């Protein structure tokens, strides 16, 4: 039987998740652009401490309706704490990466994240990963390889930072999907903020250096963008499977190229343009396959 309201396909939870994760990637790229600007002047500890201050304020504001005591109740509290620690470490690794690599190159090196998530999803999340999803992820990864520069000729050891960051981001996404099955997004965000702020409050003050009001405002902006981005990410994984969303995480690379061009006057060369086009094409292909799958399901 044909669906009399075809527009409902696009309000399907899967498509909500896709839209949310694309917006989250934009927020992450903007946040990373500001971070790259500041990390050469201020310590990672100071930047993360300010970020988590804002993060905590945002989380407390979100849970004001139900109250903190009710919001913090979790079915898997220790997994929430571990996820928060993973996020903190992953954030520090990305900040370290920006000290050595341009924005787009950092994300190109870290583009192994979707492959890691897709590979782990069947085992850890019991999600089916079909051939078309693998194709979309692999094609997107091939696009990022076109962009990567031969960094091993200069400082090969620095590549470890974005690679470890990619592993951390992949682990974070898997854990986000796991806790999202039982806990609300506000609960996950609250745990993330409290654990991160507690840890950074023991580190940040030791590495604090005076900053003009403009730079402090940028640090606060990073915190706001981080809060919004992670909340969008949490919601995305509530609506859609981790393996389904992976092709769209490549949009982080596309947004990073745009931010790098606008903020740092790092124009993309022909390889970056070609690789970015392949990344976008892989995402569109994945979206097309999901649309067909939903249409087929709704049709009968």
**Item:** Among (1) outside any loop (DSSP other than H, G, I, E, B); (2) over 11 Å from the mean Cα position of the chain (by Cα), the one test that residue 210 misses
**Value:** (1)
**Prompt:** If you take just the helices (runs of 4 or more DSSP H) that sit entirely in segment 55-168, which of them hold at least 1 residues that are under 17 Å from the mean Cα position of the chain (by Cα)?
**Reply:** 77-97, 103-109, 113-120, 131-147
**Message:** Take the conditions touching a helix residue (DSSP H, G or I) at 6+ places or on another chain (Cβ under 8 Å), surrounded by 19 or more Cβ atoms within 10 Å (Cβ to Cβ) and within 25 Å of residue 24 (Cα to Cα) and apply them to residue 219. Does it pass?
**Reply:** yes
**Request:** Answer with yes or no whether residue 209 is touching a helix residue (DSSP H, G or I) at 6+ places or on another chain (Cβ under 7 Å), surrounded by fewer than 22 Cβ atoms within 10 Å (Cβ to Cβ) and at pLDDT below 95.
**Result:** yes
**Asked** In the set 254, 195, 179, 259, which member is in contact with a helix residue (DSSP H, G or I) (Cβ under 6 Å, 6 or more places away or on another chain) and either more than 22 Å from residue 19 (Cα to Cα) or surrounded by fewer than 20 Cβ atoms within 10 Å (Cβ to Cβ) (or both)?
**Response** 195
**Request:** Run down 31, 99, 47, 25 and say which single residue is touching a residue at least 60 places away in the same chain (Cβ under 8 Å) and surrounded by fewer than 21 Cβ atoms within 10 Å (Cβ to Cβ).
**Result:** 99
**Request:** Please work out if residue 290 is surrounded by fewer than 20 Cβ atoms within 10 Å (Cβ to Cβ) and either modelled with pLDDT under 90 or not in a helix (DSSP H, G or I) (or both).
**Result:** no
**Message:** Checking residue 19 against (1) in a helix (DSSP H, G or I); (2) at pLDDT 90 or above; (3) out of contact with any helix residue (DSSP H, G or I) (no Cβ under 6 Å at 6 or more places or on another chain); (4) within 18 Å of residue 192 (Cβ to Cβ): exactly one of these is not met. Which one?
**Reply:** (4)
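The values are calculated or read from the model by the stated rules, or taken from the named source; none is laboratory data. Keep in mind that this is a model prediction, so the values were computed, not measured. No Cβ is skipped: glycine too gets one built from the backbone with ideal geometry, and neighbour counts run over all protein chains shown.
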